[in-house]
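Written out below as structure tokens is the structure these notes cover.
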Amino acid sequence: MKVLKDEELFNIVGGSISASMINYLVRGIEAIFELGQSFGTAIRRAKENKICPLE
């Protein structure tokens, strides 16, 4: 294993897209999709008058 000098360590550049960024993006898209599903289901149930009373 090669040991790097301090000057060489300062020149290291990482990648532009990481796995955590992709994971964050996918989770955000999934959350928006689930919100749309819930909203669509609520509209459909209200339209079909299949809403449980809040007693």
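The values are calculated or read from the model by the stated rules, or taken from the named source; none is laboratory data. No experiment lies behind these values; they were computed from the predicted model shown. A quick note on method: Cβ atoms are made from the backbone with ideal geometry, for glycine too, and the neighbour counts reach across all protein chains shown. The accessibility values were calculated without ligands, DNA or RNA, using every heavy atom of the protein model including side chains. Shrake-Rupley method; radii C 1.70, N 1.55, O 1.52, S 1.80 Å.
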Residue hits (region 12-46; over 15 Å from the mean Cα position of the chain (by Cα) and either open to solvent by less than 90 Å² (accessible area, probe 1.4 Å) or modelled with pLDDT of 90 or more (or both)) are GLY14, GLY15, GLN37, SER38, PHE39, GLY40, THR41, ALA42, ILE43, ARG44, ARG45, ALA46
Quick one: which of ILE43, ILE32, ILE17 is out of contact with any strand residue (DSSP E or B) (no Cβ under 7 Å at 6 or more places or on another chain) and assigned to a loop (DSSP other than H, G, I, E, B)?
ILE17
